[in-house]
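The values are calculated or read from the model by the stated rules, or taken from the named source; none is laboratory data. Owing to the predicted nature of the structure, the values given are computational and were not obtained by experimental measurement. Because the Cβ atoms are built from the backbone with ideal geometry, glycine has one as well, and the counts that use them run over all protein chains shown. Keep in mind that these areas ignore ligands, DNA and RNA; they rest on the heavy atoms of the full protein, side chains included. Shrake-Rupley method; radii C 1.70, N 1.55, O 1.52, S 1.80 Å.
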Amino acid sequence: MTKRSHTAQYPEVQPVLPPRTRGVIGLFEENCTVCMLCARECPDWCIYIDSHKETVPAAAPGGRERSRNVLDRFAIDFSLCMYCGICIEVCPFDALFWSPEFEYAETDIRELTHERDKLRDWMWTVPAPPALDERAEEPKELAAARKAAEKAEAAAQAAAAPRPPATPEGDA
């Protein structure tokens, strides 16, 4: 109470935000498989997804055609969003991320529904994840992959090693 208060001059001076600040949600569209988990798990139902099925030709001759979902629309209504992060948590393909952008105010509430182009633009402001702790245990997936690679390399070396000539059993 004995110090004078300091007023931050916001528009001229940008605030220093803590790392991993929750601002808006960015979309990495290439990772989205249109599984709809984010829209189903959203407690506010503020995520709108439209898609269609597309037939993909066979990868190899004699193979069969596959169908895949193609994203037509991905929109988030930030006037309804409560920034809980459930959509980001449930995304199994890492298509949604927190962006520290917070300046997206609009004069009309209807303009707070942001389509995939705007969400994609925010994706590039997402900070890199923090570095892993060097004292942490190695993830079991990496350990299993390394073991399999070492086993395959040992098998390849054993196959490439010269073998001694076989002697007939009667020569001894």
Problem set entry | Gain in span if fully extended, Glu65 to Asp94, counting 0.36 nm per residue against the direct Cα distance | 7.8 nm
Seminar exercise, completed: Of all trypsin sites (Lys or Arg not before Pro) in the range 1-103, the ones in DSSP coil with at most 15 other Cβ atoms within 10 Å are Lys3, Arg4, Arg20, Arg22, Arg64
Exercise. In the range 34-116, what chymotrypsin sites (Phe, Trp or Tyr not before Pro) fall in a loop by DSSP, with at most 14 other Cβ atoms inside 10 Å?
Worked result: Trp45, Tyr83, Phe93, Phe102, Tyr104
Seminar exercise, completed: When the charge dipole of the range 41-154 is computed with +1 at the Cβ of Lys and Arg and -1 at the Cβ of Asp and Glu, the Cα pointing farthest to the positive end, of Thr113, Cys42, Val70, is that of Val70
For this session: Would you grab the residues whose amide H sits under 5 Å from the one on Phe78? Only those 5+ places off in sequence or on another chain, please, with H modelled 1.01 Å from N.
Result: Thr113, His114
Problem set entry | Dipole in debye (nearest 20) - the range 1-117, about Cα centre, beta carbon charges: Lys, Arg +1; Asp, Glu -1 | 440 debye
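What is the projected area of the convex hull of the Cα atoms of the range 48-115, averaged over all directions, in nm²? Kindly include the intermediate steps, with their values, before the conclusion.
Details: hull surface 25.7 nm².
Across all orientations, the range 48-115 yields a mean hull projection of 6.4 nm².
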For this session: May I ask you to list the GluC sites (Glu not before Pro) in the range 8-52 that are in a DSSP loop and have at most 13 other Cβ atoms within 10 Å of their Cβ?
Result: Glu12
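Work out the P(r) tail for the chain: percent of alpha carbon pairs separated by more than 27 Å, whole number. Could the numbers behind the result be given before it?
Numbers: 8158 of 14706 pairs.
Percentage above 27 Å: 55.
Under a 1.4 Å probe, what is the accessible area of the range 54-172 per residue, stated in Å²?
Working: 9320 Å² over 119 residues.
Each residue of the range 54-172 exposes 78 Å² on average to a 1.4 Å probe.
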Seminar exercise, completed: Averaging 1/r across every pair of distinct alpha carbons in the range 85-127 and inverting yields a Kirkwood hydrodynamic radius, in angstrom, of 11.7 Å
